[in-house]
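Reviewing the structure listed below.
The values are calculated or read from the model by the stated rules, or taken from the named source; none is laboratory data. Not measured: the values here are computed from a predicted model. As a convention, Cβ positions derive from the backbone with ideal geometry for all residues, glycine included, and neighbour counts pool all protein chains shown.
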Amino acid sequence: MKHINTNAQLQKLHNDQLQELSQEDIENIQHIILSMIADLDQYFQKHDIHYYLGGGSALGSIRHQGFIPWDEDMDINMLSTDIDKLANLFKTDSYLSEKYYFCENDYDHEFDVNFARIKLKGTSFKEYLYKDYSKDGIFIDIFPVENVPDNKLLRNIQGFFVTSLLFICSCVRIKDKKELYLNFQGDDTYTSGIQKKVRIGKIFAFRSLNKWLKSSKKMMRKCKNQHSQYITVPTGKRHYFGEMYKREDIFPVVYKKFNDIELPVARHNEIYMSKMFGDYMKIPAVEDRERHFICSYNLGAYKTKKEE
């Protein structure tokens, strides 16, 4: 199935409501995220929750030994069974719930995407597409890691249905937020792609987005073999087939330097990076660097990097 990569196209577009972050802004946000993940890593280890750095955060760990200098977020990949465990801990452990928000569709239907997010209470980080979301805060994204059938035919069948269901979710979500997406300017290809997704979204609007999200999650978790040869991060940037890895290349994870702490990365991080980014050590041109769409941010009572 060919994807209309809305997020990739958004990186190059303009919207008057967006705030351009300075390098100091980015470093302040990175400083808060680093304190979050240092705290959460200890908690995850204590409660036997398995995760590793994903996406740009994994790239930063191997290329910069920390954050990518222009990247103001953090991605981690976590076994879906551990995401469930984490959701239950948020319901029972005040240490988590008093300090953080947990955003995941089963846990909070307002959060309308296929991954989870932990947000720091007392801070603000308003993304354009989610500026009205009630749970505000600087955040860490958590992408579910799923088992993949060892049988190739079953693997391809599951991959087809997962990819199709995630595409439907994307179309219905964009249909619901049509005006927000169309407020971006400067690219006719983007506009026509959004309009196409809106039309597809209308076809599948006989069910709510939350129901489609539930169906996609059920399909992603279809394989119960906790020792399958392959695993995948189906809601990641490269989707089910593009983010399929041998389990032995990811687990057991190893801890590596990340800024001034150590965090877990894939056992063979170079294999993970090569599949994700190709020549991952090459620094991209400024115009090709990923941007995020920020309306505003606020550190609240937390100190900036310079203040500590």
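Got a number for residues in region 262-288 being surrounded by fewer than 14 Cβ atoms within 10 Å (Cβ to Cβ), charged (D, E, K, R) and either in a helix (DSSP H, G or I) or under 17 Å from the mean Cα position of the chain (by Cα) (or both)? Number satisfying all stated conditions: 3.
When K177 is tested against (1) surrounded by fewer than 20 Cβ atoms within 10 Å (Cβ to Cβ); (2) in contact with a Pro (Cβ under 8 Å, 6 or more places away or on another chain), only condition (2) is not met.
When the residues of region 217-261 are filtered to those that are hydroxyl-bearing (S, T, Y) and over 17 Å from I157 (Cβ atoms), which remaining residue is surrounded by the most Cβ atoms within 10 Å (Cβ to Cβ)?
Taking region 217-261 first, the residues hydroxyl-bearing (S, T, Y) are 228, 230, 232, 235, 240, 245, 255.
Filter once more, so that each one left must be over 17 Å from I157 (Cβ atoms): 235, 245, 255.
On the way: T235: 23, Y245: 21, Y255: 12.
Checked region 217-261; the qualifying residue surrounded by the most Cβ atoms within 10 Å (Cβ to Cβ) is T235.
Any chance region 151-159 includes a residue that's among the basic types (K, R), touching a strand residue (DSSP E or B) at 6+ places or on another chain (Cβ under 6 Å) and within 27 Å of V253 (Cβ to Cβ)?
Yes, region 151-159 contains at least one residue that is among the basic types (K, R), touching a strand residue (DSSP E or B) at 6+ places or on another chain (Cβ under 6 Å) and within 27 Å of V253 (Cβ to Cβ).
Which of the residues spanning region 172-210 are assigned to a helix (DSSP H, G or I), of a type in the set (A, V, I, L, M, F, W, C) and free of Cβ contacts under 8 Å to residues at least 40 places away in the same chain? Steps first, please.
So in region 172-210, the residues assigned to a helix (DSSP H, G or I) come out as 172-176, 178-182, 188-203, 209-210.
In the following step, the residues that additionally are of a type in the set (A, V, I, L, M, F, W, C) were identified as 172, 174, 180, 182, 194, 198, 200, 203, 209.
Correct list: L182, V198, I200, I203.
When region 124-167 is filtered for residues that are acidic (D, E), outside any loop (DSSP other than H, G, I, E, B) and modelled with pLDDT under 95, only E127 remains. Of all residues in region 264-291, those that are in contact with an Asp or Glu (Cβ under 6 Å, 6 or more places away or on another chain) and under 14 Å from G56 (Cα atoms) total 0.
Applying a threshold of 6 Å to beta carbon distances and a minimum spacing of six or more residues, or different chains, the list of pairs starting in region 14-29 at a residue that is loosely packed, with under 13 Cβ neighbours inside 10 Å and ending at one that is part of a loop (DSSP other than H, G, I, E, B) and modelled with pLDDT under 85 reads H14/G186. Summed over region 47-82, the residues that are more than 13 Å from the chain's Cα centre (by Cα) and part of a helix (DSSP H, G or I) give a count of 8. Counting only residues that are among the aliphatic types (A, V, I, L, M), closer than 23 Å to F204 by Cβ and either surrounded by 22 or more Cβ atoms within 10 Å (Cβ to Cβ) or in contact with a Phe, Trp or Tyr (Cβ under 7 Å, 6 or more places away or on another chain) (or both), region 140-164 holds 1 of them.
Residues that are under 12 Å from P144 (Cα atoms), out of contact with any helix residue (DSSP H, G or I) (no Cβ under 7 Å at 6 or more places or on another chain) and surrounded by fewer than 21 Cβ atoms within 10 Å (Cβ to Cβ) within region 45-79 comprise just one, L79. Would you check if there is a residue in region 238-250 being of a type in the set (A, V, I, L, M), within 19 Å of the chain's Cα centre (by Cα) and closer than 24 Å to E72 by Cα? Among the residues of region 238-250, not one is of a type in the set (A, V, I, L, M), within 19 Å of the chain's Cα centre (by Cα) and closer than 24 Å to E72 by Cα, which makes the answer no. Considering the conditions (1) under 29 Å from Y52 (Cβ atoms); (2) of a type outside the set (S, T, N, Q); (3) modelled with pLDDT under 95; (4) in contact with a strand residue (DSSP E or B) (Cβ under 8 Å, 6 or more places away or on another chain), R247 is excluded by exactly one of them, (3). Within the span defined as region 188-198, one or more residues are among the aromatic types (F, W, Y) and over 21 Å from the mean Cα position of the chain (by Cα).
Do you know which residues across region 184-194 are exposed (fewer than 14 other Cβ atoms within 10 Å of the Cβ) and under 23 Å from D132 (Cα atoms)?
As a first pass, look at region 184-194 and keep what is exposed (fewer than 14 other Cβ atoms within 10 Å of the Cβ): 185-186, 188-189, 192.
Answer for region 184-194, where residues must be exposed (fewer than 14 other Cβ atoms within 10 Å of the Cβ) and under 23 Å from D132 (Cα atoms): just Q185.
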